Amino acid sequence: MKEEIFSKLSIKNYNNELEKILEKKYFSEDAKNLLLSMFYKVETSYNDYANVKRNVESKNEFLEDILEIISDCNDIEIIKPRTEKFREFTDANIKFKINYKKSTIEVIQNEKSLLSAILELNNFQIYLKEEYNLVRNTLPYILNEGKDINSVEVIRDFNAWNWNILYSEIENIDINLIYQNLQILLNYNFLKDFVNSKTENDFIKYINSKLIELYGKENTKEILNLLFKLSILIDIRNNSNEAKRLSEEREGLKKDYNKISNKKMYIKNLMVKKKKLNDDIKDIDILLNNKELLEKEFQKRNEQLSEYNKFFSLKQLSEKLIIERSRTLSKLEDCNLALNPENYVQVKEKLEEDINLLDDINFEDTSKNDLNKYKEQFQKIFITCFEMKINNVQNKKDILELLYEFRYYENVPYSEKENIKNVGGLKEELEKIEKLIIEKMTNLKLISSFTNNQNLNYDILKNIFDLKIISLENIFIEIKVKDKNINLNIFDEKETLEKNIELKFEKNKETKIKSVKKTKLIKI
């Protein structure tokens, strides 16, 4: 459908296309006006957003997705301030409601909320298979919430003039941090790629293979362990039911581990279970092959069942027995697998991993959990993987992309008061990456060295990571040296002074630095 609607469109007429769509809709004037205002903000801010963040889909793709969803939307009700419904939304701490069956939206009168609602109407959600029992609720919560928070960044933090991160408008700082980590590690489209994958529908297996391909098995194991732990810690803060469920799961896992640790008893119990399952299959086969016995089973079961659940015919009972046989056979196969020595070791190790995942978590008093410890650990493994990305680049274009990505990453909010760059526990790791990027850029002659003193050169060039200038390629730098003082001026593309820094250095014969007239910092 998208190809049919947008095959002839260019970036210049998306606003006209929206107006054409709205002409055919019976939306209220308030809804149409808010849609036009929202779309205008997205259209005018997206280039700056993409330039700063880099790791995003194309503007065309983003706008086309929005227009297609609006085309399929049947109604948008705008909830205005100082109305009864607005108070209901505020009391419930919600900004929009969606009826997926009717394809309708109720949303408070706000462009960011409207954009969230429109993209949410697409109803793309991550679900996990039952085998990932410990995170089957918590990880999808983190990913789905993170996707929603991420979707409005283009008009939340960009206004077609500057980049200004609005901490107070990010619904959940911790979820956003983890989601941005994953986006940079796996590429912005990792969720869409998963949905479009034709080979499998196992999200954990999908990201596991992607991470191993990019960063190796050991790093992947640590990333996933911390991701799982963080998803649990974040979710159970406000979800007592999940905390209770996982607490009970932990006790069950420990019982299973105690059973399997006594290998002789474990094998003996499996053999007893296997014999019973074989006997059950034989009994079912006898019933299916003997009409007289099948009739007796029919009467016996119906005497024990309520009127609503009784069997109406022998055929219905036979079908039920075939299903029971299949399930019993599956359990028998599981027994045989568990008796395999290699599988015994794997089952034991998996139980150990699951118990270790839950053992450090306080489910009774979630306020005592040290979320920051695991957040910091997650950033450290992220930085280790980012270093691998830097070591793999060989040309100016790629290292420039990583410069932008790392600048963006350092500005991602870490808490309600600080961004990643200001986290004391990460200072050494962040400086190491900044130096590595600067070294790589210098070797590729993307930037110049202003002094033969590496530490002093870093003190000059590290300021590039602090700048909120949209286009780093348009930065101008000016250096004035006087005695032991350096006056560093950084200008934007309009040659407006963006930053002024005073540096001191030890003047000696080894250190050489000269004044530099206003010049472009990055040389493409």
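Worth a mention:
- With a Förster radius of 22 Å applied to the beta-carbon distance between Lys264 and Lys350, the computed FRET efficiency rounds to 0.60.
- At an R0 of 30 angstrom, the distance between the Cβ atoms of Lys432 and Asn508 translates into a FRET efficiency of 0.70.
- Calculated FRET efficiency for the pair Lys445/Ser515, C-beta based, R₀ 22 Å, to 0.05: 0.55
- Annotation: region 258-356 has a Kirkwood hydrodynamic radius of 15.9 angstrom, from the mean reciprocal C-alpha pair distance.
- Inter-centroid distance (Cα atoms) of region 382-426 relative to region 456-473, Å: 13 Å
- Normalised by the number of residues in region 1-123, the average gap of Cα pairs under 8 Å and 6 or more apart makes the relative contact order 25 percent.
- Protection proxy ranking, highest mean first, for peptides 88-100, 507-519, 26-38: 26-38, 88-100, 507-519, where packing is the per-residue count of other beta-carbon atoms within 10 Å, averaged.
- Computed from label points 7 Å out along Cα-Cβ, the spacing between Leu339 and Glu248 is 3.2 nm.
- Pair-distance distribution of the chain: all C-alpha pairs, bin width 20 Å, starting at 0; shares per bin in whole percent are 17, 40, 30, 10, 2, 0.
- Only Cα pairs under 8 Å and 6+ residues apart enter the sum, and on that basis the relative contact order of the chain stands at 12 percent.
- For region 447-524, the calculated P(r), taken from all Cα-Cα distances in 10 Å bins from zero up to the bin holding the longest distance, is 18, 55, 23, 3 percent.
- Neighbour cut-off at most 15 other Cβ (10 Å), DSSP loop, chymotrypsin sites (Phe, Trp or Tyr not before Pro), region 437-504: none
- Estimated inter-spin distance, Lys255 and Lys373, nm [label 7 Å along Cα→Cβ]: 2.8 nm
- Full extension of the chain segment joining Leu294 with Glu77 gains 72.1 nm, where the gain is 0.36 nm per residue of separation less the Cα-Cα distance.
- Paramagnetic reach from Lys275 (point 7 Å along Cα→Cβ, amide N under 12 Å) across region 327-342: none
- Filtered trypsin sites (Lys or Arg not before Pro), region 445-475: DSSP coil and at most 16 other beta carbons within 10 Å: Lys445, Lys468
- In a fully extended conformation the segment linking Lys205 and Tyr132 would gain 25.2 nm over its present Cα-Cα distance, using 0.36 nm per residue.
- Inter-label distance, Asp285 to Lys462: 7.5 nm, where each label sits 7 Å from its Cα along the C-beta direction.
- Our helix-only sum for the chain, with -39,500 (n - 2.57) per DSSP H run of n ≥ 4 divided by its residues, gives a mean residue ellipticity at 222 nm of -19500 deg cm²/dmol.
- Sorting 63-70, 355-362 by their mean Cβ neighbour count within 10 Å, with the most densely packed peptide first, gives 63-70, 355-362.
- Computed lengthening from Lys484 to Lys25, 0.36 nm per intervening residue step minus Cα-Cα distance: 158.3 nm
- Sparse-neighbour loop sites [trypsin sites (Lys or Arg not before Pro); region 397-439; at most 13 other C-beta within 10 Å; DSSP]: Lys417
- When only alpha carbons are used to place a centre, region 313-360 and region 126-191 end up 35 Å from one another.
Every read-out reported here was derived from the displayed coordinates using simple, explicitly stated rules and does not represent laboratory data. None of these values were measured; they are calculated from a predicted model. Cβ: placed from backbone, ideal geometry, glycine included. Neighbour counts: every protein chain shown.
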